[in-house]
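The values are calculated or read from the model by the stated rules, or taken from the named source; none is laboratory data. Just so you know, these numbers come straight off a predicted model, no measurement behind them. Reconstructed Cβ throughout: ideal geometry from the backbone, glycine too, with neighbour counts over all protein chains shown.
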Amino acid sequence: AAKAGGRSRHQFHSEDLSQRTRDRVTLEADLRRGLSERQFSVHFQPKVALADGRIVGAEALLRWHHPERGPVSPDVFIPVAEDSGLIVAIGAWVLRDACAAAADWNRARAPGDPPLRIAVNLSPRQFLNHDLIGTVTAALARTGCRAEWIELEITERLLLDERGQAGETLDGLRAMGLTLAIDDFGTGHSALSYLTKYPISTLKIDKSFMRDITTRSDQAGVVRAIISMGHSLQLDLVAEGVETKEQACFLREQGCALAQGWLFGRPMPRHDFTALLLARAAV
Ligand code: C2E
Ligand code: CA
Ligand code: CA
Ligand code: CA
């Protein structure tokens, strides 16, 4: 009986696996259809200066509203888009959308106000065997967006992958005037040599650190250390996932200049962000 039980457990397990494979294949087909049927949109989350709460930019975040599944989380569909290579087309589309928004907002800005910088997430796959510089150049030209208005968020994963020739591409993007940020900083690897090897401007302190900074001194210590390292390397620091006033207060006291999080605003559709900018400008 024990043996039979073992076998059926095994069978159940492999059925489970093939079910998962089927789910992935379906999701991939749905992604393709979603792209042609305009089921995607880009939302924007405000990035603020902790000193005075002013909006200094935004992060572009992809949203997918599936006709039957409803909203699907990027944490679910981005990995499928990466594995299938669809991320190259999707990523180019997000970039164009973000450039169009950046151009629109910055053209309407009062003279003297520093321009908003819009951050766009790039997956490592977009650097592989692909003319990323050409894609970026085309997106800027088509929308009338200046390179200085766009920041590209990349992960440590890209910089530590020896197979890629990301270095040359990153140098090229920086030379064009775009800035580069390390996303999810502190979660990946302990290697830090890449920080001086590549033309990085910004560190985004991962949101997993935020939860306990006001209650646990070890967590506070890690964040303090990241901030002080960022300062000595003359990098901009952005704290992500800031949800409470206490967290914002701690970060400001420690010298972190910029933040993103629900405390300051959720990711929102482009026209809502425009309305937010207008409301802020009026006061
Ligand atoms: P990420 O780049 O680290 O983006 C930050 C995530 O934190 C977003 O999740 C955002 O909605 C969420 N967030 C913002 N403020 C708070 C907060 O105060 N508390 C908490 N708990 N969460 C907050 P989202 O939009 O679900 O995106 C998940 C991930 O999907 C992103 O993580 C990014 O890695 C990926 N992603 C999203 N859009 C794109 C895209 O256009 N291209 C690529 N390659 N990846 C994308
Ligand atoms: Ca990001
Ligand atoms: Ca992040
Ligand atoms: Ca993340």
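Observations on the structure shown:
- Residue within region 194-202 that is among the aliphatic types (A, V, I, L, M), in contact (Cβ under 8 Å) with a residue 24 or more places away in the chain and in contact with a Phe, Trp or Tyr (Cβ under 7 Å, 6 or more places away or on another chain) present: no
- Criterion (surrounded by 14 or more Cβ atoms within 10 Å (Cβ to Cβ), over 23 Å from LEU152 (Cα atoms) and in contact with a helix residue (DSSP H, G or I) (Cβ under 9 Å, 6 or more places away or on another chain)) met by exactly one of VAL242, VAL222: VAL222
- Any chance LEU170 is within 16 Å of ligand 4 (Cβ to nearest atom), of a type outside the set (Lys, Arg) and in a helix (DSSP H, G or I): no
- Scanning region 140-158 for residues that are in contact with a helix residue (DSSP H, G or I) (Cβ under 8 Å, 6 or more places away or on another chain) and within 16 Å of ligand 4 (Cβ to nearest atom) yields LEU152, ILE154, THR155, GLU156, ARG157, LEU158.
- Qualifying residue in region 167-182 (condition: of a type in the set (A, V, I, L, M, F, W, C), at pLDDT below 95 and loosely packed, with under 15 Cβ neighbours inside 10 Å): no
- Annotation note: of TRP93, TRP149, the sole residue that is on the phi < 0 side of the Ramachandran plot and crowded, with 18+ Cβ neighbours inside 10 Å is TRP149.
- Filtered residue count, region 202-213, keeping only those that are of a type outside the set (Asp, Glu) and surrounded by fewer than 16 Cβ atoms within 10 Å (Cβ to Cβ): 2
- Only one entry of ARG142, ARG163 meets the criterion of being over 26 Å from VAL223 (Cβ atoms) and modelled with pLDDT under 90, and that entry is ARG163.
- Any pair with Cβ under 8 angstrom, 6 or more apart, that starts in region 251-265 at a residue that is within 16 Å of ligand 1 (Cβ to nearest atom) and ends at one that is assigned to a loop (DSSP other than H, G, I, E, B) and of a type in the set (Asp, Glu): ALA259/GLU240; GLN260/GLU240; GLY261/GLU240; GLY261/GLU243; TRP262/GLU243; LEU263/GLU243
One line per residue, one yes/no per condition, for (1) modelled with pLDDT of 95 or more; (2) within 16 Å of ligand 3 (Cβ to nearest atom); (3) touching a strand residue (DSSP E or B) at 6+ places or on another chain (Cβ under 7 Å):
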site: LEU237; (1), (2), (3): yes, yes, yes
site: GLN247; (1), (2), (3): yes, yes, no
site: LEU251; (1), (2), (3): yes, yes, yes
site: ALA257; (1), (2), (3): yes, no, yes
site: PHE264; (1), (2), (3): yes, yes, yes
site: PRO267; (1), (2), (3): yes, yes, yes
